[in-house]
Amino acid sequence: VMASLLLCFLLITPASTLEFRYHSNLEIEQYLLQVNASNPDITHLYSIGQSVRGQQLWVLALGVSPHRHTVGIPEFKYVANMHGNEVLGRVLMLQLIDDLVRGYHNNETWSLRFLNSTRIQIMPTMNPDGFDASNTHCLHSQGRFNKNGVDLNRNFPDAFTGLRRKQQLDVQAVMDWLKTENFVLSANLHGGALVASYPYDNSNGGSEQVGGASISPDDDVFIHLAKVYSFNHASMHIGGRCPDSRLFNEGITNGYQWYPLSGGMQDYNYVWAQCLELTLEVSCCKFPPVEELPTLWTDNRKALLAFMQQVHLGVKGQVFDGSGVPVQNAVVEVKGRGNMCPFRSDQNGEYYRLLLPGNYSFTVTYPGHDILTETLNIPYGPDHYSAMKHDFRLTPTTTLVQPDPTTSSVPSLIQEGDTAVTTSAWFGLVVGLSLVVPLLIE
């Protein structure tokens with residue numbers, strides 16, 4: 001009964017009562033329920049699964065259409081508390097939610113722009129079990145791992161080592177989440193250093209290794225994203241602010257150059273989910289003293305908002321077939337960016353490519369249609385809260401295979417509207433796709 005009364009009280013208590021302190025997992029759950037109940041027009045609360053101990057992994061979506069994806073509106077996410085003893089992210093995420101909701105209801109331009117242009121999804125804790133086991137030591141507290149003693153940031157499939165680990169419930173929940181939401185940009189929040197780290201985190205000694213770093217095809221974009229956070233943070237860009245950490249030039253680092261790790265979440269997001277993700281180390285101390293929390297929020301607030309705005313970098317649009325229907329799994333490639341898993345259009349025919357301003361050559365490939373190549377001049381979109389919009393319209397392949405009168409065997413044709421391809425050619429395309437698609441669902 002008391003628990004029910006407490007929940008009712010929280011549901012009617014204004015969000016302005018949010019305090020700067022460490023909230024328990026139950027308190028976070030109740031706060032999210034309160035915000036969701038009080039703001040049904042701009043919030044949607046759901047769970048992506050459970051931890052080992054059965055605690056819900058809550059996500060709050062914010063936007064003017066919070067319940068589901070809207071074509072043309074990019075999906076953004078923040079994930080905090082992946083390591084249970086790195087706790088500042090939990091506080092920052094609750095404050096960010098409070099800030100966005102309050103700003104929207106006060107008709108503040110910055111919040112209106114975000115929620116009208118972006119669907120923002122926030123997970124305050126990915127490892128609630130680890131948090132429950134943590135203590136308050138600055139650097140060496142327990143609670144990093146989940147209930148099974150597993151480091152969640154070493155438990156994802158790895159593109160370089162090919163390790164087929166058994167995924168923990170917490171990790172599998174995130175992997176399943178990435179199959180249902182087509183995120184464009186993301187960050188996971190950690191503690192114990194002050195730096196923005198970007199892919200790759202690992203390497204197998206191939207061409208990606210350059211000067212001690214493991215360089216991705218989108219390295220220029222990742223460096224830009226890392227600097228956006230670092231230079232909008234109160235002191236991260238200065239580098240060397242933490243006494244027990246190395247000097248990070250401009251407050252950023254390539255993950256592998258800092259230290260190699262296998263099974264990390266940011267590489268998994270980038271390689272298999274087409275989502276560019278950074279790892280943000282947001283405090284020197286893993287468990288900062290409570291009295292420092294207001295200052296740490298102030299230090300990070302501008303950077304958190306500026307990074308979210310970068311989801312509007314580059315170009316977005318849809319891919320249409322010869323009949324004008326949006327198509328899924330069209331390969332959308334940018335010349336000079338050989339991604340391990342090519343970027344593909346989603347179930348709405350949508351594609352998003354985060355790119356710096358400039359000229360880019362795009363190649364779009366889809367079975368039964370001519371290969372389309374177009375050059376786009378891409379401006380800087382974040383200032384306008386919208387990436388450049390460009391749709392690709394494909395032309396059906398019309399070349400028919402002429403039968404050879406000297407042979408008795410004539411390839412059969414598969415007709416799709418105005419499209420005609422040989423059975424053997426179609427089979428080759430399907431086999432080729434089958435070798436790639438499983439990578440997307442690992």
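Filtering region 348-362 to residues that are closer than 23 Å to Q328 by Cβ and not in a strand (DSSP E or B) leaves N348, G349, L354, L355. Looking only at region 68-85, residues that are closer than 22 Å to P294 by Cα and β-branched (V, I, T) come to 1 in all.
Does L372 satisfy the criteria of being surrounded by 15 or more Cβ atoms within 10 Å (Cβ to Cβ) and more than 18 Å from the chain's Cα centre (by Cα)? Yes. Among the conditions (1) more than 30 Å from N116 (Cβ to Cβ); (2) at pLDDT 50 or above, the only one that V334 does not satisfy is (1).
Strands (runs of 3 or more DSSP E) fully within region 167-266 that include at least 3 residues being surrounded by 24 or more Cβ atoms within 10 Å (Cβ to Cβ) and modelled with pLDDT of 95 or more: 183-190, 193-198. Take the conditions out of contact with any Ser or Thr (no Cβ under 6 Å at 6 or more places or on another chain), modelled with pLDDT of 95 or more and farther than 30 Å from T17 by Cβ and apply them to N127. Does it pass? Considered against the rule, which asks whether it is out of contact with any Ser or Thr (no Cβ under 6 Å at 6 or more places or on another chain), modelled with pLDDT of 95 or more and farther than 30 Å from T17 by Cβ, N127 comes out as no.
Residue-wise test of (1) touching a residue at least 24 places away in the same chain (Cβ under 8 Å); (2) in contact with a helix residue (DSSP H, G or I) (Cβ under 6 Å, 6 or more places away or on another chain); (3) among the acidic types (D, E).
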| residue | (1), (2), (3) |
| --- | --- |
| A37 | yes, yes, no |
| L45 | no, yes, no |
| G54 | no, no, no |
| G63 | yes, yes, no |
| G103 | no, yes, no |
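Residue check: D299 meets all listed conditions (1) under 15 Å from the mean Cα position of the chain (by Cα); (2) under 20 Å from L96 (Cβ atoms) but one, namely (1).
Among the candidates H233, H224, the residue that is of a type outside the set (F, W, Y), touching a Gly at 6+ places or on another chain (Cβ under 8 Å), within 28 Å of G358 (Cα to Cα) and touching a residue at least 60 places away in the same chain (Cβ under 8 Å) is uniquely H233.
The sole residue among L152, L94, L88 that is over 23 Å from E291 (Cα atoms), surrounded by 23 or more Cβ atoms within 10 Å (Cβ to Cβ) and under 22 Å from the mean Cα position of the chain (by Cα) is L152. Does N135 fit the bill of being outside any helix (DSSP H, G or I), over 17 Å from E281 (Cα atoms), of a type outside the set (F, W, Y) and modelled with pLDDT under 95? Answer is yes for this residue. Of F145, F160, all but one fail to be within 18 Å of A80 (Cβ to Cβ) and either of a type outside the set (S, T, Y) or not assigned by TED's automatic domain parsing to the domain that holds H69 (or both); the exception is F145. All conditions in (1) under 25 Å from L189 (Cβ atoms); (2) in contact with a Pro (Cβ under 8 Å, 6 or more places away or on another chain); (3) in a loop (DSSP other than H, G, I, E, B) hold for G336, with the sole exception of (1). A count restricted to region 101-151 and to residues that are of a type in the set (K, R) and within 21 Å of V79 (Cβ to Cβ) stands at 3.
This table checks each residue for (1) buried (at least 23 other Cβ atoms within 10 Å of the Cβ); (2) touching a Ser or Thr at 6+ places or on another chain (Cβ under 7 Å); (3) within 15 Å of L304 (Cβ to Cβ).
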| residue | (1), (2), (3) |
| --- | --- |
| W58 | no, yes, no |
| L62 | yes, yes, yes |
| H67 | no, no, no |
| N107 | no, no, no |
| N116 | no, no, no |
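The values are calculated or read from the model by the stated rules, or taken from the named source; none is laboratory data. Remember, predicted model here, so these are calculated numbers, not experimental data. Reconstructed Cβ throughout: ideal geometry from the backbone, glycine too, with neighbour counts over all protein chains shown.
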